[in-house]
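The values are calculated or read from the model by the stated rules, or taken from the named source; none is laboratory data. Remember, predicted model here, so these are calculated numbers, not experimental data. In this analysis, Cβ positions are derived from the backbone assuming ideal geometry, glycine residues included, and neighbour counts consider all displayed protein chains. What goes into the accessible areas is simple: the full protein's heavy atoms, side chains included, and nothing from ligands, DNA or RNA. Shrake-Rupley method; radii C 1.70, N 1.55, O 1.52, S 1.80 Å.
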Amino acid sequence: MLGKSDATPMIAVKDLDRAKQFYSDTLGLKTIDEWGGEGVTLKSGDTTLNVYRSEFAGTNQATALTFDVKDIDSEVRELKDKGVMFQHYDVEGLTREGDIYRGEDMKTAWFKDPDGNILSLIEG
């Protein structure tokens, strides 16, 4: 069944060129394939993800993609230095400290890509 298959996140965007710049230059993902101007496959660690053009981009009101990181404080600083704005939410069980939320044995932070897709970092 599917439990033995790899899964690939699909991120919808309206402006593919702007998204490629954000995911590559700002986030540091590597482009491994382009699909004739309609999409791009990127690599983050051992994970590939597809970013593709869609009129429905940014309509998801939940987290679309999470990056597992070893040092969230450092990652948040680096992203802020590149102009990334972090989002703030009221989440039961988490305590906000600046842009990072702390819970039992974990830390997380949320930000958006240029099309409004919610992305997050998690440590722990």
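Counting only alpha carbon atoms, the long axis of helix 72-81 and the longest principal axis of the chain meet at about 60°. Mean residue ellipticity, 222 nm, helices only, the chain: the sum of -39500 (n - 2.57) across DSSP H runs of n ≥ 4, divided by residue count and rounded to 500, is -3500 deg cm²/dmol. Among the protein heavy atoms, those of TYR89 account for about 80 Å² of accessible surface (1.4 Å probe, every chain in place).
Over the chain, the fraction of Cα-Cα pairs per 10 Å bin, rounded to whole percents and listed from the shortest bin up, is 12, 42, 34, 11, 1.
Taking the mean number of other Cβ atoms within 10 Å as a proxy for protection, how do you rank 7-20, 110-123 from highest to lowest?
Numbers: 7-20: 16.1, 110-123: 18.8.
Those peptides, ordered most packed to least, come out 110-123, 7-20.
Say the cut-off is 19 Å between C-alpha atoms; which of LYS14/LYS80; LYS4/LYS112; LYS30/LYS82 go over it? Going by Cα-Cα distance, LYS14/LYS80; LYS4/LYS112 fall outside the 19 Å limit. Relative to the current alpha-carbon distance between THR47 and ASP6, full extension at 0.36 nm per residue lengthens the span by 13.8 nm.
List the GluC sites (Glu not before Pro) within segment 50-89 that DSSP assigns to loop and that have no more than 13 neighbouring Cβ atoms inside 10 Å. Don't jump to the answer; show the numbers that get you there.
Working: sites: GLU55, GLU75, GLU78; in loops: GLU55.
Here the GluC sites (Glu not before Pro) that fit, given the DSSP loop and packing criteria, are GLU55.
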